[in-house]
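Below is one structure; the comments refer to it alone.
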Amino acid sequence: MGIVDEDIVRVREASDIVAVVSEHVQLKRVGRRWAGLCPFHSEKSPSFSVNAEQGLYYCFGCGAKGDVITFVREIDHLDFAAAVERLAAGSGITLRYTDARDGENRKRRSALVEAVAAAVDFYHQRLLSGADAAGARKYLRGRGFSGEEVRHYQLGWAPEGWDTLVRELRVGREQLVEAGLAFVNQRGRLTDSFRGRVLFPIFNANGDPVAFGGRLLPGAEGPKYKNSTGSPVYDKSKVLYGLNWAKGDIVAADEAIVCEGYTDVVGFAAVGMGRAVATCGTALTEEHVRTLRSYAARVVLAFDADAAGQNAAARFHEWEQRYGLDVAVADLPVGSDPGDLARSDPDALRGAVERAVPFLTFRVERVLASRDLATAESRARAAAAALEVVGEHPDPLVRDQYLMDLADRLRLPADQLRQRLAGGGRSSTAGRPAAPATAVAPPADSPEFEALRLALGDPSVIAPSLHELLFADPVALDAYRRLVAVDWRVGQLVDAPPDVLALVQRLAAEQTASEPAEVVERLVEAAGQRELAVLGAEARTAGDERALEVAGLVAWLKPRLEELRDPRTAPAAAPVIMAWLVERHGALA
Ligand SMILES: [Zn+2]
């Protein structure tokens, strides 16, 4: 990062390692060394040792070791330059940089940070004691903020009036504007950016104040939230509110909670979940994700992830893959806000994070929850909708696991779902928005349509061999039932739904040269495969005794389906399987 070597040595020598470590660890003198409980691993007896003469620390428990700069880097999760800068500030050393521009930039940036820090102080004092801040204090108390929280988060009050901050702060005009604290109005007057708002100072990961999020008091006019504009020290697509406080907890838990509001971060910390951060008035970006990934392997979204929309969903899956990140979704009560929930029902908030489910599971459940799964038809439609969601995941192994799960739950053959997924054309194109959900529709030459075509031409050639168990497509099944009821006289179909009527009219007009016996065999085979899928699902979920019984049924059915594929044995096998299916479903009914 370009700090002059000589200065790094000066910083190392000027820093008292015992004093620095003592800010985090209670040290006791043991002979020539100091000892205490290691801050980098959890232990009950001290194995952390500091050698003041050499300026080094070492842990006999976990092997952590280094000098004072390493210690600050590790304990505060800073990069090398930031650690050196922090220590330099503590010992009053002015650093020089190898690259003059680097030094210039750093100087300019630190001037802006100083300007924001001065503003944080001013606004905070105003909130604590200003007569004009009574309404703000009352509002914060009403939202459940304690005095301790107000001080910890350094909340502030931006007074009404045009230029209170500008007049109070001894900061150059250029810096005020560049830091986003003020702007030049149309008459050329320097004007405060924030007026009449409760302020949440935003810090970068190193703990430097860089911006503000401001909220109007209830009833006031204007946009409810207003954030600082971007500046050389503040890029909202990179900065996460609360990361400066949360990073230790995030590393310890290997998990970060991501929410949308400043008050949500405060709420999570209040219920003992100090690992929450918030995006600042923007959607979660790849930069945010990259930052979080350097602290933890898992991210729990604590906002309405469904409302984040289709594009966001596809991006989340891509990030999961690219960064080896697990994205989960907290099980928040619908319409609830973590900040409020923390005050009204802390257990519910903690439980929502503990019950977080993988992002894809969350989305599939949302789809299924909105549907009725009582009938075969409705389950087929639900499967189609759920597959649209599953198809967005870029990993074929993950897709297939979800597909098997759907097949089990919806009692549909996994192979049929696979075909559907592959046919959708989304399997290899992650990130493309899915087409709207439709029911599972077999191709035009499916045996189900073929059978209806034949029967509509001449019922006697095939109708006696058909059964409603042979129809899986909801529209074809509906058509079959209605046609049987009117003895295949299309003219007598009344009250049929438009899709059924359209199908029947089309099939009745189409020619076919299929062999009826072959069509029946293909239908029976498909029904047999569906039955195998159902049995497979049952075997996986049943108790031991029932599982044995199911295994027996599978052992009978599988060789019969083999016979069906052999033209020599198929004519005999088809009626046997059909009779077995009818009996089995009769027994189940
Ligand atoms: Zn240790």
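Summary table
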quantity: Count of residues meeting criterion [touching a helix residue (DSSP H, G or I) at 6+ places or on another chain (Cβ under 6 Å), open to solvent by less than 60 Å² (accessible area, probe 1.4 Å) and free of Cβ contacts under 8 Å to residues at least 60 places away in the same chain] in region 123-139; calculated: 1
quantity: Hey, Lys65 open to solvent by 20 Å² or more (accessible area, probe 1.4 Å), under 24 Å from Ser91 (Cα atoms) and in contact with a Cys (Cβ under 9 Å, 6 or more places away or on another chain) or not; calculated: yes
quantity: Selected residue [within 30 Å of Ala220 (Cβ to Cβ), touching an Asp or Glu at 6+ places or on another chain (Cβ under 6 Å) and not hydroxyl-bearing (Ser, Thr, Tyr)] from Val120, Val113, Val177, Val171; calculated: Val113
quantity: Candidates Pro346, Pro358, Pro338 - the one that is modelled with pLDDT of 90 or more and open to solvent by 60 Å² or more (accessible area, probe 1.4 Å); calculated: Pro358
quantity: Check on Lys238, in contact with a helix residue (DSSP H, G or I) (Cβ under 6 Å, 6 or more places away or on another chain) and farther than 21 Å from Ala305 by Cβ; calculated: yes
quantity: Test: residue in region 135-143 that is hydroxyl-bearing (Ser, Thr, Tyr), away from the ligand (no atom under 16 Å from the Cβ), more than 40 Å from the chain's Cα centre (by Cα) and in a helix (DSSP H, G or I); calculated: no
quantity: Residue within region 295-306 that is closer than 19 Å to Phe200 by Cβ and surrounded by 17 or more Cβ atoms within 10 Å (Cβ to Cβ) present; calculated: yes
quantity: Residues (in a loop (DSSP other than H, G, I, E, B), without any contact (Cβ under 8 Å) to a residue 60 or more places away in the chain and within 51 Å of the chain's Cα centre (by Cα)) located in region 470-505; calculated: Phe471, Leu493, Val494, Asp495, Ala496, Pro497
quantity: Evaluation of Arg315 against (1) out of contact with any Pro (no Cβ under 8 Å at 6 or more places or on another chain); (2) over 30 Å from Arg197 (Cβ atoms); (3) without any contact (Cβ under 8 Å) to a residue 40 or more places away in the chain; (4) not aliphatic (A, V, I, L, M) (one fails), failing number; calculated: (3)
quantity: Which numbered condition Val486 misses (of (1) surrounded by fewer than 16 Cβ atoms within 10 Å (Cβ to Cβ); (2) touching a Pro at 6+ places or on another chain (Cβ under 8 Å); (3) β-branched (Val, Ile, Thr)); calculated: (2)
quantity: Failed item in (1) closer than 20 Å to Gly230 by Cβ; (2) open to solvent by less than 50 Å² (accessible area, probe 1.4 Å); (3) touching a strand residue (DSSP E or B) at 6+ places or on another chain (Cβ under 9 Å), with Arg173 passing the rest; calculated: (2)
quantity: Test: residue in region 214-223 that is on the phi < 0 side of the Ramachandran plot, open to solvent by 10 Å² or more (accessible area, probe 1.4 Å), acidic (Asp, Glu) and under 28 Å from the mean Cα position of the chain (by Cα); calculated: no
quantity: Residues that are loosely packed, with under 14 Cβ neighbours inside 10 Å and either more than 15 Å from Gly214 (Cβ to Cβ) or at pLDDT 95 or above (or both), drawn from region 144-161; calculated: Ser146, Gly147, Glu148, Arg151, His152
quantity: Number of positions in region 59-74 that are closer than 13 Å to Pro39 by Cβ and near the ligand (Cβ under 9 Å from one of its atoms); calculated: 4
quantity: Selection count, region 143-187, where residues are farther than 19 Å from Ala118 by Cβ and of a type in the set (D, E, K, R); calculated: 5
quantity: Pair list, Cβ under 9 Å, 6 or more apart: region 340-355 residue within 16 Å of Val266 (Cβ to Cβ), other residue open to solvent by 70 Å² or more (accessible area, probe 1.4 Å); calculated: Val353/Asp331
quantity: Residue that is nearest to the ligand (Cβ to nearest atom) [pool: residues in region 9-58 that are among the hydroxyl-bearing types (Ser, Thr, Tyr) and touching a residue at least 40 places away in the same chain (Cβ under 8 Å)]; calculated: Tyr57
quantity: Residue selected from region 75-98 under the condition open to solvent by less than 10 Å² (accessible area, probe 1.4 Å) and modelled with pLDDT of 90 or more, by the criterion nearest to the ligand (Cβ to nearest atom); calculated: Ala83
quantity: Test result for Ala496, hydrophobic (A, V, I, L, M, F, W, C) and modelled with pLDDT of 85 or more; calculated: no
quantity: Residue list for region 385-421, filter: hydrophobic (A, V, I, L, M, F, W, C) and in contact with a Ser or Thr (Cβ under 9 Å, 6 or more places away or on another chain); calculated: Ala385, Leu421
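The values are calculated or read from the model by the stated rules, or taken from the named source; none is laboratory data. Just so it is clear, the model here is predicted, and its values are computed rather than measured. When we count neighbours, we look across all protein chains shown, and the Cβ atoms used for this are built from the backbone with ideal geometry, even at glycine. Please note that ligands, DNA and RNA were not included when accessible areas were found on the heavy atoms of the full protein model with its side chains. Shrake-Rupley method; radii C 1.70, N 1.55, O 1.52, S 1.80 Å.
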